[in-house]
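Asks: The structure that follows is given in the form of structure tokens.
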Amino acid sequence: MKYHFIEEPLLEFGKDEHFCPRQGIANYDVYDTKFTARKTEILIGIVGVSEDVEKLNAWLERCKSFIPSKANTKQPQLFTSFCGFNENTGFRSKFITSTEITRVINNTDIREILKIKNRNECVTQAVELFSNHIRFIAQNKLVDLIVCIVPKSFENKIVIEKKTEEEIEERLDAEEKPELEINFRRALKASTMFLGKPLQLIREYSLSNPSKGQDEATKAWNFCTALYYKAMQTVPWKLKRDINLPMVCYVGISFYRSRDKKSIQTSLAQIFNEKGNGVILRGTPVEIDKKDRQPHLSDKQAYDLLLSALKEYKFALDTQPARLVLHKSSNYSIDELDGFRKAINDAGISSYDFVTIKETDIRFFRDGFYPPQRGSMFSLSETSHILYTRGSVDYYKTYPGLYIPSPLEIRTVEFDSSPNVICEEILALSKMNWNNTQFDGKYPITIACARKVGEIMKYLSEADKPQIRYAFYM
């Protein structure tokens, strides 16, 4: 067994580089300030009951100014002061809200919906109520995104999700129960996707109970960064790239099931270039393999899906990548490998890496109180490696988690790059999450977005045309 430590990957911002998104934005501005053709105003449509709209406007006003970090903290790098969202600091932009682009929901309408005894019907009516107001704004007003405030009265009746990523560590192989009850957030995003305006849902309690959950500065960092990414159609930061190395295209292949878990699964491709810009492609239904009980593509499906992904990449950048990195959370079948190889060959790509990223029950321990460092890589063989993407972080001076961190197993199936390079890229891609500015994400974006996209996709019919931007799913 060999041990290798991967230094924290650098990110690129407007004026310089840093490995922390918060410090990078605050000190060096968001990445797209490098370009002349950029927006400096974000028009925010709002949907909610009257008192919640007032709370959101107050919070947006608060976010315009500097917000100090958590008081008396022992980890000042983990709890960073918020620079303020305005034209003079890191984001170099401003929020614009107005009654002209706000739709107030009547409390009477909310009460009528809550009288419905059947929960699925109750949620369906709530989705329709919000959808109607969203549609009016999207079709009649000029906005960049729409923020919907989920009222307190919806808690435990219409919105029942209680677990968050901070409360329990997510697993890619977690057994999913049939989604027999309608999920308000997912159904609302799916039903309004055709309007072309990203949604940001925020629950009322996060606006009215500042003492609960995250401190104000952290909440502002995550909220404002998510709004910026969704509204501006750009990225606040990107991976640092060695200009001496060839262009790379990162592709994640995954599958999602129907809500009742009875129908066959559908393939999904997520393509990310080095700037972090992603494209979502929905593939065709697939069958479950009788031997390993896993969904697999036929050779033709694998060929068609990957070739479509590469065409999207070429259209966006006007060139083909010199190297392709393919991530899957399940094993590769012989047919899949044949189809992927043929697509790569037909696209004229000379270098590729086929990688499986899976959960593992293997754990490592070190002396002292803290778990292994993020970036710890243990090579069990030439093709099997354990990578800690969550763990102790020297910069934070702690392990910023609640549970013993579980590493990922990285299997290099066919590869031209070294395992060290492949794992370094996985660690770097774990930082491309614009919903969370804490940089120690568990999964690379190629895999992380799969579940988010699949959650929404299962609410779309085959006739519905899904949006290709990740902003519509996060």
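Asks: Compactness ratio of the chain: Cα Rg over 2.2 N^0.38 Å, N = residue count? Please list the in-between numbers first.
Replies: Working: Rg = 22.3 Å, N = 474, 2.2 N^0.38 = 22.9 Å.
So the chain has a normalised radius of gyration of 0.98.
Asks: Excluding residues fewer than 8 places away in the same chain, name every one of the lysines whose C-alpha is closer than 18 Å to that of residue 452.
Replies: Candidates past the 8-residue exclusion: 162, 163, 177, 189, 197, 230, 261, 328, 358, 431, 442, 465.
Asks: A follow-up question, please. Could the peptides 108-114, 137-143, 277-283 be put in order, highest first, of the mean number of other beta-carbon atoms found within 10 Å of their residues? Walk me through the numbers before you get to the answer.
Replies: On the way: 108-114: 13.7, 137-143: 15.3, 277-283: 20.1.
Most protected by this proxy first, the peptides run 277-283, 137-143, 108-114.
Asks: Sticking with this one: Rank these for me by crowding, 409, 128, going from fewest to most other beta carbons within 10 Å. Walk me through the numbers before you get to the answer.
Replies: Details: 409 16, 128 13.
Starting with the residue having the fewest Cβ neighbours, the order is 128, 409.
Asks: A further question on this structure: Skipping prolines and chain starts, which residues have an amide H placed within reach, meaning under 5 Å, of the one on residue 294, given they are 5 or more residues away or on another chain?
Replies: 289
Asks: Compare the peptides 410-417, 183-190 by average per-residue count of other Cβ atoms within 10 angstrom and give them in order, highest first.
Replies: For the peptides 410-417, 183-190, the packing ranking is 183-190, 410-417.
Asks: If you don't mind, there's one more thing I want to ask. How much of the calculated P(r) for the stretch 39-232 lies past 23 Å, in percent of all Cα pairs? Let's see the in-between values first.
Replies: Details: 9114 of 18721 pairs.
So the pairs more than 23 Å apart make up 49 percent of the total in the stretch 39-232.
Asks: Pull out the extension gain between residue 153 and residue 294, defined as 0.36 nm times the separation in residues minus the alpha carbon to alpha carbon distance; nm, one decimal.
Replies: Details: separation 141, 0.36 × 141 = 50.76 nm, distance 4.07 nm.
Going from the current span to full extension adds 46.7 nm.
Asks: For the chain, what does the relative contact order come out to in percent, with C-alpha contacts under 8 Å and a separation of six or more?
Replies: Working: 919 pairs, mean separation 84.3, N = 474.
That works out to 18 percent.
Asks: Quick one: if you stick a label point 7 Å off each Cα along the C-beta vector at residue 7 and residue 194, how many nm between them?
Replies: 5.2
Asks: From the square roots a ≥ b ≥ c of the eigenvalues of the alpha-carbon gyration tensor of the stretch 247-322, which class results: rounded (a/c under 1.5), prolate (a/b over b/c), or oblate?
Replies: Numbers: a/c = 2.76, a/b = 2.15, b/c = 1.28.
It is prolate, given that a/c is not under 1.5 and a/b is the larger ratio.
Asks: Quick one: which of 364-373, 333-342 comes out on top by average Cβ neighbours within 10 Å, and what's the full order, highest first? Let's see the in-between values first.
Replies: Numbers: 364-373: 12.8, 333-342: 18.2.
Those peptides, ordered most packed to least, come out 333-342, 364-373.
Asks: Something else about it: With θ taken as phi - 60° and the coefficients 6.51, -1.76 and 1.60, list the Karplus ³J(HN,Hα) couplings across the stretch 407-414 in order, rounded to whole Hz; mark glycine and proline as x.
Replies: 3J(HN,Hα) across the stretch 407-414, in whole Hz: x, 10, 9, 10, 10, 8, 7, 9.
Asks: Could you tell me which chymotrypsin sites (Phe, Trp or Tyr not before Pro) in the stretch 1-90 are loop residues by DSSP with no more than 15 other beta carbons within 10 angstrom of their beta carbon? Display every interim value, and only then the final one.
Replies: Working: sites: 3, 5, 13, 19, 28, 31, 35, 59, 66, 79, 82, 85; in loops: 13, 19, 35, 66, 79, 85.
Passing both the DSSP loop test and the Cβ count: 35, 66.
Asks: Extension gain residue 245-residue 414, at 0.36 nm per residue separation less the Cα-Cα distance, in nm?
Replies: Numbers: separation 169, 0.36 × 169 = 60.84 nm, distance 2.00 nm.
Net length gain for the segment: 58.8 nm.
Asks: Something else now. So which lysines pass the test for residue 314, namely a Cα distance under 16 Å, with those fewer than 8 places away in the same chain ruled out?
Replies: Partners within reach: 275.
Rule-based calculations on the coordinates, nothing more; no lab input. This one's a predicted model, so the numbers in the text were calculated from it and none came from an experiment. With ideal geometry, Cβ positions are generated from the backbone for all residues, glycine too; neighbour counts draw on all protein chains shown.
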